[in-house]
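The values are calculated or read from the model by the stated rules, or taken from the named source; none is laboratory data. All values derive from a computational prediction rather than experimental measurement. Here Cβ is always computed from backbone atoms with ideal geometry, including for glycine, and neighbour counts include all displayed protein chains. Surface accessibility is based on the protein's heavy atoms, side chains included, excluding ligands, DNA and RNA. Shrake-Rupley method; radii C 1.70, N 1.55, O 1.52, S 1.80 Å.
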Amino acid sequence: MDSLPLIYSILFSVLIIFKDVTSFTLTASKSADKAILGDNPFTLSCAYTLTGNEQLFTIELERKRDTVNTEAFETILTFQNPSSPLNFTYQDTALEDRTVATKPTEESKTATLVFNTIECDDKATYNCKALYTDGAVKTAVSSVSVLVRANTLFEKDKTISHTPSASLEEGDDVTFQCSGDVGNEPVGHLGWFYYLNNDTSFPINASDKAVSQAPVYQPGTCSYKRTSTLQLKMLRSFNNILVRCTVQQDKYNQFGDGHAQTTNIQVYYPPKVTAIADKTVDEGTDLLTLNCVADANPPPTYSWLLPNGTVTDGQSVSLTNLEVGDNGTYTCLVYNIYKQVNHTANETVYIDVRKTTTPAPTTTPKITTGPTGGGEGTTVAQIRDGDDDDKTTLGIALGVSFGVIVIICIVVIVLCVMKKRRPKEIEEPPEKPRKPDLVSADHGMKNNMGSSALNSSFNNSFDSTSDIKSRNEEGLFDIQFDDKPRSRRPIQLLDNMLGAESYSDIVNPRV
């Protein structure tokens, strides 16, 4: 029993503490992150919960525009509670034509406002403000901000131009200007690209060379407008250039969210002749064509200055039946005219016509192949590879042979000339071979051989009756004369005029 007062005291304290505590909740929400300008539905919702003895009276939708310099919210719409016979009331009657309001029900406990068309002024901060009671009148507030996105209208509002606008030439500084609607939420940027040779598949990004002005807000479109400039120095490679300006709100590439593009821009430049290589040809060449190529805009006019001083028109010149006298310098002359100025260029080529020589005879190389079994051998390809070396060796051998022949001919000619100039000598008959001295040999043999051997071996020699002959006062043997036929002894000749004295000459008998 003593514990009852304590329990009552605790319950009373709890009631005092939770007297002002409520479970009512209110939440404001939106159907998308951004409302899109135009006929694009967008919904604002105010949802609540009730517990216990809580009761909802009304829900008010308030608005504060960012363009209005005030902190105060204005009520634009009031929703009645589900049990009320009334639905809602527009305080901003301008919303009635483009919105649909729905009051909460016992089941939904949500008030909604659907925007069928979004306008720039719908960008604002919205409050859901609930008036309810839990025994005392109370309010609850929940806020949500709505951004209005304006897609770029660049395709409808774009301009691109360049200065100077015509008669551009190599070296000119040209300023390109582009402007147009770049949208809002987010505010877009302008990018630059250009294309060479009219080929849009290879864009060259020039955005880093551009200068853009600050965007300017357009109240009527809830968007911004930008202006950007790009400066380029014209090069000869820029002839037929295309320059493109792109708006980049969500897409950051050469197409962007829209773009503006120039037409092909002509760039004038003077001729530049491609170098022509010198040529060496053989005498008797039937045809040699010299061709001249120049890069120029507008297209150039060609002519050729020949070594003899004559000029012929045309991009190419043909030389026929060339002779050594056709050597010389040929000059290609090129010019074009723009802005009433003549621009000229030239390039020279030297033609060397060399005299031909009689070609050395060629031999057909013998082609052999390797054994059938796959052994090593000389192949056709190897012989063909050695043709040049064989021809060189053959030429050297023929040259050496020719030189030797020339030298031999010269020597023969010199010897013939010398022989003609030498005095003739008297030719003497050749001396008959001397027969052996049979007389001396006969005596020698007699001294060494017997009489029988002597008679058998020398029966045709001089007759002798003695082995030892007498000598005269001078120590010489006395000559024995014999005029018998077939005798080998000398015949004594007597001079009749001198009587019986002997003649000094000795004549051997003819055998």
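Residues of the stretch 257-288 that are among the β-branched types (V, I, T) and part of a strand (DSSP E or B): I265, V267, V273, T280, V281. Taking residues in the stretch 322-335 that are on the phi > 0 side of the Ramachandran plot, and partners anywhere that are assigned to a loop (DSSP other than H, G, I, E, B) and open to solvent by less than 70 Å² (accessible area, probe 1.4 Å), the pairs with Cβ atoms closer than 7 Å and at least 6 places apart or on different chains are G328/P307. Across the stretch 151-171, the qualifying residues are those that are among the polar types (S, T, N, Q) and not in a strand (DSSP E or B), and the one among them that is nearest to Y269 (Cα to Cα) is S167. Looking only at residues that are open to solvent by 20 Å² or more (accessible area, probe 1.4 Å) and part of a strand (DSSP E or B) in the stretch 114-132, which one is farthest from V100 (Cα to Cα)? For the stretch 114-132, the residue satisfying everything is L131.
Filtering Y132, Y194 for residues that are of a type in the set (F, W, Y) and farther than 22 Å from K251 by Cα leaves a single hit, Y132.
The criterion of being more than 15 Å from T139 (Cα to Cα), assigned to a strand (DSSP E or B) and either open to solvent by 90 Å² or more (accessible area, probe 1.4 Å) or not acidic (D, E) (or both) does not hold for S84. Counting only residues that are in a strand (DSSP E or B) and under 21 Å from F57 (Cβ atoms), which one in the stretch 89-99 is least open to solvent (accessible area, probe 1.4 Å)? Per the criteria, the residue is Y90. Residues in the stretch 144-168 that are open to solvent by less than 50 Å² (accessible area, probe 1.4 Å) and among the charged types (D, E, K, R): R149 alone. Within the stretch 109-157, being in contact (Cβ under 8 Å) with a residue 24 or more places away in the chain and among the polar types (S, T, N, Q) holds for T110, T112, N116, T117, T125, N127, T133, S142, S143, N151, T152. I want to confirm something. Restricting to the stretch 203-230 and keeping residues that are aliphatic (A, V, I, L, M) and open to solvent by 40 Å² or more (accessible area, probe 1.4 Å), which single residue is nearest to the chain's Cα centre (by Cα)? By that ranking, first place goes to I204. Quick check: is even one residue across the stretch 231-248 modelled with pLDDT of 95 or more, surrounded by fewer than 18 Cβ atoms within 10 Å (Cβ to Cβ) and touching a Ser or Thr at 6+ places or on another chain (Cβ under 7 Å)? Looking through the stretch 231-248, at least one residue is modelled with pLDDT of 95 or more, surrounded by fewer than 18 Cβ atoms within 10 Å (Cβ to Cβ) and touching a Ser or Thr at 6+ places or on another chain (Cβ under 7 Å). Restricting T78, T102, T43, T58 to residues that are modelled with pLDDT of 95 or more, touching a strand residue (DSSP E or B) at 6+ places or on another chain (Cβ under 9 Å) and open to solvent by 60 Å² or more (accessible area, probe 1.4 Å) narrows the list to T102. Restricting attention to the stretch 169-202 and to residues that are over 29 Å from L37 (Cβ atoms) and buried (at least 17 other Cβ atoms within 10 Å of the Cβ), the residue that is nearest to the chain's Cα centre (by Cα) turns out to be Y195.
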